[in-house]
1. Only residues that are surrounded by 14 or more Cβ atoms within 10 Å (Cβ to Cβ), without any contact (Cβ under 8 Å) to a residue 24 or more places away in the chain and over 18 Å from the mean Cα position of the chain (by Cα): list them for the range 75-85, please.
2. List the strands (runs of 3 or more DSSP E) that sit entirely inside the range 1-81 and contain at least 3 residues that are at pLDDT 90 or above and in the same structural domain as SER93 (by TED's automatic domain parsing).
3. Please determine, by comparing only the residues of the range 97-114 that are in contact with a Phe, Trp or Tyr (Cβ under 6 Å, 6 or more places away or on another chain) and free of Cβ contacts under 8 Å to residues at least 60 places away in the same chain, which one is surrounded by the most Cβ atoms within 10 Å (Cβ to Cβ).
4. What single numbered condition from (1) exposed (fewer than 11 other Cβ atoms within 10 Å of the Cβ); (2) touching a strand residue (DSSP E or B) at 6+ places or on another chain (Cβ under 6 Å) fails to hold for HIS72?
Amino acid sequence: MIAASYARTLTRRRLLLALLCLLILATSASADCAWVLWTKITMWPKGSEKTEVDWSPLLDFTTRELCNVAAHKDATDAGPNAGYTVATKEDGSRTLVFMQCWPGTIDPRGPKGK
């Protein structure tokens, strides 16, 4: 009886240690995750309805700061982790290019259906 109780205690301790190791590895991996600059384009052609192009990944970066620099480069306006540019052509049509940084583990397009 004592041997069985001791074996269960050892099994629990081993399981707890294994879970702790997995947690430590997962935490360090997420801290090193890449950042992705995503872009979303909205167009208003003259005389036509608005057309949107869904989010698409543009560039990968090793840090959030580098991604933010790219998102803000050439932007007419910007916020945290994002920047956008509006271009108007001579014919009156407009294009909005919105760029935003997301961790490499997040897809702004949302969950994928089956």
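The values are calculated or read from the model by the stated rules, or taken from the named source; none is laboratory data. Predicted model, so just to flag it, every value in this text is computed and none were measured. Note that we place each Cβ from the backbone using ideal geometry, even for glycine, and neighbour counts take in every protein chain shown.
1. Let us first name the residues in the range 75-85 that are surrounded by 14 or more Cβ atoms within 10 Å (Cβ to Cβ), namely 75, 78, 81-85.
Pick out the ones that are also without any contact (Cβ under 8 Å) to a residue 24 or more places away in the chain and you get 78, 81-85.
Scanning the range 75-85 gives a single hit, THR85.
2. On the way: elements: 35-44, 51-61, 77-79.
By residue number, 35-44, 51-61.
3. PHE98
4. In the conditions (1) exposed (fewer than 11 other Cβ atoms within 10 Å of the Cβ); (2) touching a strand residue (DSSP E or B) at 6+ places or on another chain (Cβ under 6 Å), HIS72 misses (1) alone.
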